[in-house]
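The values are calculated or read from the model by the stated rules, or taken from the named source; none is laboratory data. Computed from a predicted structure; not experimentally measured. Quick reminder, even Gly has a Cβ in these numbers, built from the backbone with ideal geometry, and neighbours come from all protein chains shown. These area figures cover heavy atoms from the full protein model, side chains too; ligands, DNA and RNA do not enter into them. Shrake-Rupley method; radii C 1.70, N 1.55, O 1.52, S 1.80 Å.
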Amino acid sequence: MSVQANRVMALSEWENKWQEGRIGFHNPEVHNLLEKNLNKAICGRKEVRFFFPLCGKAVDMKWLADMGHTVVGVELSEKGIKQFFEEQNLAFIEEPVPAIPGAKVFKSADGKISIYQCDLYKFSSAVAGKFGGIWDRGALVAINPCDRQKYSTLLTSLMNNDCRYLLDTLEYNPELYKGPPFFVSGEDVKNLFGSGCDIELLESVDAFDEKFKSWGLDSMTEKVYLLTLKAQ
């Protein structure tokens, strides 16, 4: 973490990635670790409200909505949001967000999926309530390491008492790659969320492939944690 501690990406850099189509972080398939661990997040509940931080155009949102759940995402790039609705063949409406000046919300016609176009840190439970589930893939690992405490405070504040938060992290040798995605250790997760949440490691898989090799890495471990609020 210390090697990457001062690495900062401006919001404009993320927007440029979308404009230029440099979105190697986008997964065109439903994430296999979400599929495998979904039951742990849902726990037999129906119509769970899921939050997707920094959602991009994740196909996982449509997959969950098709099961009867509702999804709220936050994404900076309007281009990414519009591509999501177009690629999923979903009609949508666009509205201003009175609570966040300059922000817009894009909603599917059936109301199952809403994506807020805004700075994540301007979003809050006052804007869209709290959630019963969170799928955090490519979010904690993407934010600037110096913002992690602010991020964990926000995410914890969005959790309903029964919320089940699936957190996907990446571990590799940070000496070899500057990020993003950034290295997030189990110790980091504990330090960020341990005071308010119980943390369970659900799965650890070897995710090393040619892409990571081309970044100069020699290993990549992907982990999924389940976070639940500690009983008050």
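Taking the 1.4 Å solvent-accessible surface of the range 6-57 as the whole, the part contributed by carbon and sulfur is 49%.
The slack in the chain from Lys230 to Asn191, taken as 0.36 nm per residue of separation less the alpha-carbon distance, amounts to 12.6 nm. If both residues of a DSSP beta bridge must be in the chain, then about 60% of such bridges are antiparallel. Distance between the 7 Å Cα→Cβ label points at His26 and Ser157: 3.1 nm. Couplings 3J(HN,Hα) for the range 141-149, derived from phi with the Karplus relation 6.51 cos²θ - 1.76 cosθ + 1.60 (θ = phi - 60°), are 6, 9, 5, 4, x, 5, 9, 4, 5 Hz, where x marks Gly and Pro. Can you compute log10 of I(q)/I(0) for the chain with the Debye formula, treating each Cα as one identical point scatterer, at q = 0.09 Å⁻¹? Computed log10 I(q)/I(0) values: -0.35. Rounded to whole numbers, the Karplus 3J(HN,Hα) couplings from phi for the range 14-22 are 5, 4, 4, 4, 5, 4, 8, x, 8 Hz, using 6.51 cos²θ - 1.76 cosθ + 1.60 with θ = phi - 60°, and x at Gly and Pro.
State, to one decimal in nm², a quarter of the convex hull surface area for the C-alpha atoms of the range 33-75, i.e. the direction-averaged projected area.
Details: hull surface 11.4 nm².
Taking the Cα atoms of the range 33-75, their convex hull projects to 2.9 nm² on average.
The alpha carbon convex hull volume per residue for the range 161-208 rounds to 94 Å³.
Express the relative contact order of the chain as a whole percentage, based on alpha carbon pairs under 8 Å and six or more residues apart in sequence. The partial results should precede the final answer.
Values: 417 pairs, mean separation 43.6, N = 232.
Averaging sequence separation for qualifying contacts and normalising by length gives 19 percent for the chain.
Accessible area per residue for the chain, computed on protein heavy atoms with a 1.4 Å probe, is 46 Å².
Against the criterion of solvent-accessible heavy-atom surface with a 1.4 angstrom probe, Tyr225, Tyr121 sort, most first, into Tyr121, Tyr225.
Give, as ranges by residue number, the residues of the range 81-95 whose backbone N falls under 16 Å from the point 7 Å along Cα→Cβ of Asp110. Residues 85-93 fall inside that zone. Using the Cβ-Cβ distance between Ala5 and Asn39 with R0 = 30 Å, the FRET efficiency computed as 1/(1 + (r/R0)^6) comes to roughly 0.25. Computed from backbone phi with θ = phi - 60° and the Karplus coefficients 6.51, -1.76 and 1.60, the 3J(HN,Hα) list for the range 104-116 is 10, 10, 10, 10, 5, 4, 7, x, 6, 10, 10, 10, 8 Hz; x is used for glycine and proline.
Give, as a single signed number, the net charge of other residues whose beta carbon lies under 15 Å from the beta carbon of Asn32, with Lys and Arg counted +1 and Asp and Glu -1. Write out the running numbers ahead of the final one.
Values: positive: Lys36, Lys40, Arg137, Lys223; negative: Glu29, Glu35, Asp60, Asp168, Glu203, Asp206, Asp209, Glu222.
Cβ neighbours under 15 Å give a net charge of -4.
Accessible surface of Arg137, taken over heavy atoms with a 1.4 Å probe and every protein chain present, rounds to 80 Å².
Count charges around Val224 for me, please; just the other residues with Cβ under 10 Å from its Cβ, Lys/Arg as +1, Asp/Glu as -1.
Details: positive: Lys36, Lys40, Arg137, Lys223; negative: Asp136, Asp168, Glu200, Glu203, Glu222.
My count for the surroundings of Val224 gives -1.
Amide H contacts for Val105 (H built 1.01 Å from N in the peptide plane; partners 5 or more residues away or on another chain; cut-off under 5 Å): Glu95, Val97, Gln117. Charge tally around Asp198: other residues with Cβ under 12 Å, Lys/Arg +1 each, Asp/Glu -1 each, net +2.
Each label point was placed 7 Å from the Cα along the Cα-to-Cβ direction; for Asn89 and Ser124 their separation is 4.1 nm. Rounded to the nearest angstrom and listed largest first, the equivalent-ellipsoid semi-axes of the range 117-232 from its Cα gyration tensor are 27, 16, 12. Within the accessible surface of the range 103-194, defined with a 1.4 Å probe on protein heavy atoms only, the carbon and sulfur portion equals 46 percent. Normalised by the number of residues in the range 156-227, the mean separation of alpha-carbon contacts (under 8 Å, six or more apart) gives a relative contact order of 43 percent.
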